[in-house]
Amino acid sequence: MTIPINCCTPETHVDTINRAELAAISVAFKAAAQHMARTGVLHIATDSLGSIRQIFKANTRPQDMLEHRHFALIKSIANTVAAHEGTVHLWKVKSHIGIVGNEEADRAAG
């Protein structure tokens, strides 16, 4: 299944790799939320350790993230994580090493 992702928003006009990775995580959360109960265990896999750290930091030290160019998107994801009544796992997977889902995502993005 392919889910289109629009990384650039009218208020930012900024397309970066970081924003694309964050947008993909955001879309994954929204897609998962449509297919499962709010109390289930949610697993999101990404090869972006930086994005995982930014989301974590937005929940633990939001004052340090206020000037981040993608803060609104990061905070939106962090709020989604915090609102989920079940357990959320953000998994870091290795990139570009033959992991089927990761390779398919890379092809779809290219």
Once all protein chains are kept in place, GLU85 shows an accessible area at probe 1.4 Å, nearest 10 Å², of 120
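Based on the Cβ-Cβ distance from ALA33 to LYS94, what FRET efficiency comes out when R0 is 25 Å, to the nearest 0.05? Please list the in-between numbers first.
Details: r = 26 Å, r/R0 = 1.06.
The value I calculate is 0.40.
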Tally Lys and Arg at +1 and Asp and Glu at -1 over the other residues with C-beta under 13 Å from the C-beta of ASN59: what net charge comes out? +3
Long-range HN-HN contacts of ASP47 with modeled amide H, under 5 Å: VAL93
Please report the net charge: other residues with Cβ closer than 13 Å to the Cβ of ALA78, K and R +1, D and E -1. +3
Label point distance in nm, ALA72-LEU49, each placed 7 Å from Cα along Cα→Cβ: 3.1
Tell me which lysines have Cα within less than 21 Å of LYS30's Cα, excluding those fewer than 8 residues away on the same chain? LYS57, LYS75, LYS92
Taking only the Cα atoms of region 17-63, how large is their convex hull per residue, in Å³? 89
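The values are calculated or read from the model by the stated rules, or taken from the named source; none is laboratory data. What you see is a predicted model, and the numbers here were worked out from it, not measured in a lab. Here Cβ is always computed from backbone atoms with ideal geometry, including for glycine, and neighbour counts include all displayed protein chains. With ligands, DNA and RNA removed, areas are computed over all heavy atoms of the protein, side chains included. Shrake-Rupley method; radii C 1.70, N 1.55, O 1.52, S 1.80 Å.
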